[in-house]
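Taking it in order: structure first as structure tokens, then the write-up.
The values are calculated or read from the model by the stated rules, or taken from the named source; none is laboratory data. Everything numeric in this text was worked out from a predicted model, so none of it was measured. FYI the Cβ positions are ideal-geometry reconstructions off the backbone, even for glycines, and counts take in every protein chain you see.
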Amino acid sequence: MSTRLDPWGHFAIEDYEKLLVEFGIRPINEVYGLISRLHPYFTRKVVFGHRDFDKWLEDLRAGHKVAVLTGFMPSGRPHLGTAMVYEELKFFQELGAHVKIAIADAEAYVVRREDRRTTILNGVDFIAHAIAWGLDPEKTEFYFQTAMKEEYYRLIQMFSKKITMAEMEAIYGELSPGKIIASLTQAADILHLQLDSYGGFKNILVPVGADQDPHLRLTRDIADRFEGELGLKRPASIYHKLIRGLDGNKMSKSRPEFAIHLDEDEETVRKKFVNALTGGRATAEEQRRLGGEPWKCTVYEVYLYHLIREDEKLKEVYDDCVSGRVLCGECKRKALNLLLERLKNHREKYREVKESNIVEKIVNIPSF
Ligand code: TRP
Ligand code: SF4
């Protein structure tokens, strides 16, 4: 059966290997040798696949113009999944790439029917959290889709002329008019940085969750068709696994009870953690005998994606689990303490960012 990725869906992706085979996404390990410094996301296969990332890295190394662009739909509040993207952006910024971030308020409006005021205030918060996570406010460009100028909107109209409904449906399945608009808007997000009015051609890298690949396939087709007219070229992309919610399904802004938000207070995090799905066995006796199954465990996922940077330390958690030496109660408590510490530091930085009004100073915030 063929797989269809749904960028607006609510399901966790079960089998990432299959995406490599079915969609021609390339395995990430083939570019290890091209990166001067590897983030653990690469070696742990959290970022598992790419398209043309090798070419982008070569351009970066050769000193050609490159940029990283991604976007956040400002429905709900940023959570641990959002922070994975912040983490990747920070990594690329430190490597010397220019970083630009779209706040997809137009998308939230047409796809999620979010109230405009809430969307914009959420968008400001996505930016504040990005800065608190460590993105450099002086070097990062942030924008709201609805605050963009005519060159950008003109792209959406031009793109719509060279794409057929059949092509869109082959990529996305059934589509609403709102989703069509959102997809073309995202293509404009990714490609506008190559226009003369936005500084001229540069190789663009898009770091996203694997569910966003349909948008990249569309954008690549569009770039091909506008190479002559506008000088657009295909973007590169890297794909990370989607962190699961504490119930084992996709961590999503629309299911807040299973997500850990970056501004969550301690009590709420504790409560959510109590019921987190683990890879533990039915009884303690059984777990001591058979060991746990970390690959099924949402707590292990939080360790892997956020809590432990050193590979040897992560391996200890893994070994303690599969050998049955450590049981879930203790393991969860340790994860919870690390997480609370992490979130506490983040909250403090976030508060400083909010108090400094830096977002209002550097970003053109649409009125509502
Ligand atoms: N569609 C993305 C999401 O749901 C947000 C987004 C908007 C985006 N524009 C983008 C992602 C450009 C990558 C590149 O999260
Ligand atoms: Fe998860 Fe830890 Fe339990 Fe293993 S011991 S299943 S890693 S909570």
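Here is how the numbers come out for the structure above:
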{"item": "Complete set of residues in region 315-332 that are without any contact (Cβ under 8 Å) to a residue 24 or more places away in the chain, closer than 26 Å to residue 261 by Cα and either more than 9 Å from ligand 2 (Cβ to nearest atom) or charged (D, E, K, R) (or both)", "result": "330"}
{"item": "Segments classed as helices (runs of 4 or more DSSP H), wholly inside region 1-95, with at least 3 members that are surrounded by fewer than 17 Cβ atoms within 10 Å (Cβ to Cβ)", "result": "16-23, 53-61"}
{"item": "Residue in region 335-353 that is aliphatic (A, V, I, L, M) and within 10 Å of ligand 2 (Cβ to nearest atom) present", "result": "yes"}
{"item": "Test result for residue 236, within 15 Å of ligand 1 (Cβ to nearest atom), assigned by TED's automatic domain parsing to the domain that holds residue 103 and of a type in the set (Gly, Ala, Ser)", "result": "yes"}
{"item": "Conditions (1) at pLDDT 90 or above; (2) closer than 20 Å to residue 173 by Cα: number failed by residue 1", "result": "(1)"}
{"item": "Yes/no for residue 312 being of a type outside the set (S, T, N, Q), more than 16 Å from ligand 1 (Cβ to nearest atom) and either within 22 Å of residue 48 (Cβ to Cβ) or under 25 Å from the mean Cα position of the chain (by Cα) (or both)", "result": "yes"}
{"item": "Which numbered condition residue 216 fails, given (1) in a helix (DSSP H, G or I); (2) more than 18 Å from the chain's Cα centre (by Cα)", "result": "(2)"}
{"item": "Filtered residues of region 245-264 (kept if loosely packed, with under 15 Cβ neighbours inside 10 Å and either at pLDDT 95 or above or part of a helix (DSSP H, G or I) (or both))", "result": "257"}
{"item": "Within region 275-368, helices (runs of 4 or more DSSP H) holding 3 or more residues that are surrounded by fewer than 20 Cβ atoms within 10 Å (Cβ to Cβ) and at pLDDT 95 or above", "result": "284-290, 311-322, 328-356, 358-362"}
{"item": "Subset tally (residues that are out of contact with any strand residue (DSSP E or B) (no Cβ under 7 Å at 6 or more places or on another chain) and away from ligand 1 (no atom under 14 Å from the Cβ)) for region 199-214", "result": "3"}
{"item": "Filtered residues of region 38-78 (kept if modelled with pLDDT under 95 and at positive phi)", "result": "45, 76"}
{"item": "Near pairs, Cβ below 8 angstrom, 6+ apart or cross-chain, from region 68-81 (polar (S, T, N, Q)) to any residue that is near ligand 1 (Cβ under 6 Å from one of its atoms)", "result": "70/102; 70/206; 70/208"}
